[in-house]
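Please read the structure below before turning to the comments.
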Amino acid sequence: MTERIQKKHILPDGLLFGEANFEERMRKEVQPWLKNRVSEGYFRSWDGSRIHYLAAVHPKEKAAVVFSHGFCEFSGKYHEMMYYFYQMGYSVFFAEHRGHGYSRRFLKDLHKVYVRSYQEYVKDLHVFVDGIVKKKSASGKLYLFAHSMGGAVGALFLEEYPDVFSKAVLSSPMMELNFGDVADWQVAFLAAWSVIARWDTRYVPGQKGFDYTYSFAGSSCLSEVRYAYVFRQRKQTPEYRTYGGTYAWVRASLRATSRLEKDAGKVRTPVLLLQAGKDTMVRPGGQKIFAARSKNTKLVRFPDSKHEIFNGTARIRERYYREVFGFYES
């Protein structure tokens, strides 16, 4: 693992929203920005699927940041972060993964996450970058920001297309799933049996649909106003209620994490890997293996953070954005 010394980034005064003024600033600053500066559209992916995306091109673009979001997430969860990136001089491009948000669904049940292989996500991302991002970017310099499941997608992309992104941030990347108290042999058995039993579209044990239960305490956030902002969107928008994984998704995830660890040495892009110390969604072992095997990865740990580091306490969020912008601008 290559260590790089970089100066701590100085954030502009007033950039980050606090707990007390979050709702007001989202309403007065972010919502007008979304209306006036952010465009949305669809593109046809490699198999004809319609993939939904957002884009905001900065007139003095430092670089274009491409987002790869996490499991059950959607563009609305990243309104605050996209706004920060834009204010820092970056264009932002956000495609919702297939089976999420307004992108193509393969099941009638909008609550379920289903995919046959993570290569489908990777190929969607490649079409998005080639067909949309490169054409709209003013600088031609591309950075990646990827979180959780999107971090697994992003790592696979970096391994397959090592020359596309100049830099990549992997935030709590899903490189080893956390199945709680379920033993690895039980997971392997259920995964194999689900093929025989044809359970592809069934929820795996412990997963379910969105039931409108407000559960901040059990969430991956430490900022309740941010949890509430996302929760309201799920309640209001059926396409945002994606909530639980199917057997097909779990099998695809297991294959993906195994492959990204095996092929980590193919990564040439400088990577900042941000790890949450109190993560209950993914295990740290896979992240450590990837960081050790890839050629240019710096692992930074946030010992007091849950999975969504960017939705942590004020102190965690400030350090988080200093690390991200310090890395992008180093």
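The values are calculated or read from the model by the stated rules, or taken from the named source; none is laboratory data. What you are looking at is a predicted structure, and each value in this text was computed from that prediction instead of being measured. Cβ placement follows ideal geometry from the backbone for every residue including glycine, while neighbour counts extend to all protein chains displayed. Note: accessible area is taken over every heavy atom of the protein model, side chains too, but ligands, DNA and RNA are not part of it. Shrake-Rupley method; radii C 1.70, N 1.55, O 1.52, S 1.80 Å.
For the stretch 68-119: of the residues being of a type in the set (D, E, K, R) and free of Cβ contacts under 8 Å to residues at least 60 places away in the same chain, which is nearest to Ser172 (Cα to Cα)?
Applying the first criterion (of a type in the set (D, E, K, R)) to the stretch 68-119 yields 73, 77, 80, 96, 98, 104-105, 108-109, 112, 116.
The next check asks that each one be free of Cβ contacts under 8 Å to residues at least 60 places away in the same chain; those that pass are 96, 98, 104-105, 108.
On the way: Glu96: 18, Arg98: 21, Arg104: 26, Arg105: 26, Lys108: 30 Å.
Checked the stretch 68-119; the qualifying residue nearest to Ser172 (Cα to Cα) is Glu96.
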> Which of (1) more than 19 Å from the chain's Cα centre (by Cα); (2) of a type outside the set (S, T, N, Q); (3) open to solvent by 30 Å² or more (accessible area, probe 1.4 Å); (4) within 25 Å of Phe165 (Cα to Cα) does Gly326 not meet, given it meets every other one?
Replying inline: (3)
> So Lys134 clears everything in (1) surrounded by 19 or more Cβ atoms within 10 Å (Cβ to Cβ); (2) in contact with a strand residue (DSSP E or B) (Cβ under 8 Å, 6 or more places away or on another chain); (3) without any contact (Cβ under 8 Å) to a residue 40 or more places away in the chain except one condition, right? Which one?
Replying inline: (1)
>> With the condition being in contact with a strand residue (DSSP E or B) (Cβ under 9 Å, 6 or more places away or on another chain), I'd like the helices (runs of 4 or more DSSP H) fully within the stretch 1-96 carrying at least 3 qualifying residues.
In response: 31-37, 79-87
>> Can you confirm whether Ile132 is β-branched (Val, Ile, Thr) and more than 30 Å from Leu11 (Cβ to Cβ)?
In response: no
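May I ask you to say which residue of Asp200, Asp211 is at negative phi, free of Cβ contacts under 8 Å to residues at least 12 places away in the same chain and not in a helix (DSSP H, G or I)?
On the way: Asp200 fails: free of Cβ contacts under 8 Å to residues at least 12 places away in the same chain.
The unique qualifying residue is Asp211.
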> Does Tyr229 satisfy the condition of being buried (at least 21 other Cβ atoms within 10 Å of the Cβ), in a helix (DSSP H, G or I) and not acidic (Asp, Glu)?
Replying inline: no
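Only one residue in Thr201, Thr213 is modelled with pLDDT of 95 or more and surrounded by 12 or more Cβ atoms within 10 Å (Cβ to Cβ). Which one? Give the steps one after another, and end with the answer.
Values: Thr213 fails: surrounded by 12 or more Cβ atoms within 10 Å (Cβ to Cβ).
The unique qualifying residue is Thr201.
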